[in-house]
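Here is the structure we will look at, set down as structure tokens.
The values are calculated or read from the model by the stated rules, or taken from the named source; none is laboratory data. Computed from a prediction, not measured in an experiment: that's the story for all the values here. For neighbour counting, all protein chains shown are included, and Cβ atoms are generated from backbone atoms with ideal geometry for every residue, glycine included.
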Amino acid sequence: MELRLNKLITKEILSSYKEDVKRINKMINEKSGPGNDFLGWVDYPVNYDEEELERIKKDAKYVRDNFDILVVCGIGGSYLGAKSAIDALKGLKSDDKLVIIFMGQTFSPNYVAQVLDYLKGKKFAINVISKSGTTTETSISFRLLKELLESQVGKEAARKAIYATTDKARGALKTLCNKEGYATYVLPDDVGGRYSVFTPVGTFPLACAGVDVDEFLKGAREAREYVDNDDLDSNDCYKYAVTRDYLYRNKYPVEMYVTYEPQMSQISEWLKQLFGESEGKEKKGLLPGSVTFSTDLHSLGQFIQDGSPILFETIINILNPNKDVSIPSDPEDLDGLNYLTGKSLSYVNQKAFEGTLAAHEDTGNVPCNVIYIDRLNAKSLGYMYYFFMRACAMSAYLLDINPFNQPGVEVYKKNMFHLLGKKGY
Ligand code: PA5
């Protein structure tokens with residue numbers, strides 16, 4: 001991964017952050033800052049439980065060989081990592097033999113009813129993921145899925161088709177797993193949901209999708225090695241964190257994540273959750289948004305070019321696609337496209353990127369960071385997730401915020417439980 005910083009960030013600005021970056025990097029490594037009991041993700045790619053990962057690979061092979069569908073049931077950090085990685089690596093029209101569906105991330109009656117109808121009569125397994133084991137969206141969906149599965153295959157066979165990822169000892173889901181004897185994987189105490197993509201929360205669904213999880217973790221390890229360097233001049237991850245901080249303090253309260261691949265739109269969702277839930281506290285923090293170009297150049301593109309000057313862009317540009325299409329010649333050329341004959345769509349997409357970058361930066365005065373990734377694969381994605389997680393911790397600490405809690409999320413829950421008549425609310 002390579003970062004091209006936006007033009008506003010001078011050497012002097014970077015220099016003014018050097019001491020803070022040193023101090024915070026030390027704090028992250030020594031686990032001494034606010035939320036320090038949730039820094040398990042920092043070393044997880046080297047400290048992970050190897051025996052558990054082997055079991056995950058074996059179980060995933062069993063799922064691939066014996067089922068047609070895997071339903072992954074989780075929300076927030078127990079959902080977005082796997083969803084975003086699977087979309088990015090498999091594409092939006094995957095013809096993989098195992099179909100992966102996500103549920104448990106919504107109360108939507110339409111969505112849930114449609115998924116349940118689709119699963120009727122089909123051979124499916126379930127991976128329920130919840131650290132707390134009590135998240136209402138996930139619990140309701142899991143109850144419905146379990147009931148359907150048991151009614152189709154019986155209680156005994158259902159037990160063998162349910163895989164749970166949760167806390168090692170606590171929570172309602174763990175109690176149920178112990179009682180029913182489901183296969184379980186551990187989301188460690190010191191890793192929060194949105195920092196959990198390298199734990200079984202991510203690796204089990206990814207392995208089921210046929211992704212090489214060893215490569216995924218290898219990418220994370222490489223990023224960890226690269227990032228653990230408190231010299232700002234040679235650390236793109238912390239340069240990115242510092243840039244965000246500088247822009248935030250200089251009248252740019254919105255960061256817009258930009259990709260040119262629709263299969264990366266869930267990566268933008270993951271980024272929005274990571275940064276939004278980590279930083280949006282104490283009336284501080286950048287508001288993360290996202291667009292997929294060129295699609296959204298025909299929608300929010302107008303605002304970005306010409307609207308209120310409140311945002312900067314962070315563009316993730318994939319240099320080489322895994323698949324490409326060449327534009328054919330047409331003898332009549334009625335659509336006037338023959339000037340592109342023989343050119344690939346990736347060439348056109350890159351020109352759209354270059355043209356848009358110049359339009360936004362030079363004409364629109366929109367600050368733009370660009371992150372270049374050579375190609376989407378398990379290793380580069382592992383690298384990317386770790387890079388952003390570490391940048392997020394640095395950014396939040398620069399704002400003096402605990403990146404690892406989410407107190408604001410509880411308010412809606414309390415109100416909802418009261419309205420639903422839950423005991424004690
Ligand atoms: O990042 C987080 O911690 C949250 O988004 C959680 O992952 C989310 O609320 C789901 O929680 P749980 O895994 O306990 O069901």
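Figures for the structure shown
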{"item": "Search result, residues across segment 406-425 that are farther than 18 Å from Pro288 by Cβ and either surrounded by 14 or more Cβ atoms within 10 Å (Cβ to Cβ) or within 14 Å of the ligand (Cβ to nearest atom) (or both)", "result": "Pro407, Glu410, Val411, Tyr412, Lys413, Met416, Phe417"}
{"item": "Odd one out for Gly81, checked against (1) within 30 Å of Lys323 (Cα to Cα); (2) within 16 Å of the ligand (Cβ to nearest atom); (3) surrounded by fewer than 21 Cβ atoms within 10 Å (Cβ to Cβ)", "result": "(3)"}
{"item": "For Leu39: the one exception among (1) more than 16 Å from the ligand (Cβ to nearest atom); (2) touching a helix residue (DSSP H, G or I) at 6+ places or on another chain (Cβ under 9 Å)", "result": "(1)"}
{"item": "Candidate set from segment 369-425 (those that are of a type in the set (Ser, Thr, Tyr) and not assigned by TED's automatic domain parsing to the domain that holds Thr259); member that is nearest to Tyr257 (Cα to Cα)", "result": "Tyr412"}
{"item": "Residue within segment 309-324 that is surrounded by 11 or more Cβ atoms within 10 Å (Cβ to Cβ), touching a helix residue (DSSP H, G or I) at 6+ places or on another chain (Cβ under 8 Å) and farther than 22 Å from Ser268 by Cβ present", "result": "yes"}
{"item": "Conditions (1) surrounded by fewer than 18 Cβ atoms within 10 Å (Cβ to Cβ); (2) over 22 Å from Leu89 (Cβ atoms); number of the one not met by Pro367", "result": "(1)"}
{"item": "Filter result for the condition that a residue is under 30 Å from Met384 (Cβ atoms) and not in a loop (DSSP other than H, G, I, E, B), over Leu144, Leu206, Leu148", "result": "Leu206"}
{"item": "Unique match (being without any contact (Cβ under 8 Å) to a residue 24 or more places away in the chain, surrounded by 14 or more Cβ atoms within 10 Å (Cβ to Cβ) and of a type outside the set (Phe, Trp, Tyr)) among Leu376, Leu340, Leu398", "result": "Leu340"}
{"item": "Long-range neighbours under 7 Å by Cβ, at least six apart or interchain, first residue over 17 Å from Gly74 (Cα atoms) within segment 170-182, second more than 16 Å from the ligand (Cβ to nearest atom)", "result": "Glu180/Arg159; Gly181/Arg159"}
{"item": "Unmet requirement for Val197, which otherwise passes all of (1) more than 16 Å from the ligand (Cβ to nearest atom); (2) farther than 26 Å from Asn6 by Cβ", "result": "(1)"}
{"item": "Of residues in segment 178-194 being in a helix (DSSP H, G or I) and away from the ligand (no atom under 14 Å from the Cβ), the one nearest to Asn405 (Cα to Cα)", "result": "Asn178"}
{"item": "Matching option when the condition is away from the ligand (no atom under 14 Å from the Cβ), farther than 30 Å from Phe388 by Cβ, under 23 Å from the mean Cα position of the chain (by Cα) and modelled with pLDDT of 95 or more, among Val213, Val112", "result": "Val112"}
{"item": "Matching entry among Leu149, Leu187, Leu206 (being modelled with pLDDT of 95 or more and over 30 Å from Lys31 (Cα atoms))", "result": "Leu149"}
{"item": "Residue within segment 53-65 that is buried (at least 19 other Cβ atoms within 10 Å of the Cβ) and under 25 Å from Lys272 (Cα atoms) present", "result": "no"}
{"item": "Answer residue from segment 48-78, given it is more than 15 Å from Leu206 (Cα to Cα) and touching a helix residue (DSSP H, G or I) at 6+ places or on another chain (Cβ under 8 Å) and is farthest from the ligand (Cβ to nearest atom) among those", "result": "Tyr48"}
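Table: residues versus (1) aromatic (Phe, Trp, Tyr); (2) within 16 Å of the ligand (Cβ to nearest atom).
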| position | (1), (2) |
| --- | --- |
| Phe124 | yes, no |
| Asn127 | no, yes |
| Thr135 | no, yes |
| Ser139 | no, yes |
| Leu148 | no, no |
| Ala164 | no, yes |
| Asp167 | no, yes |
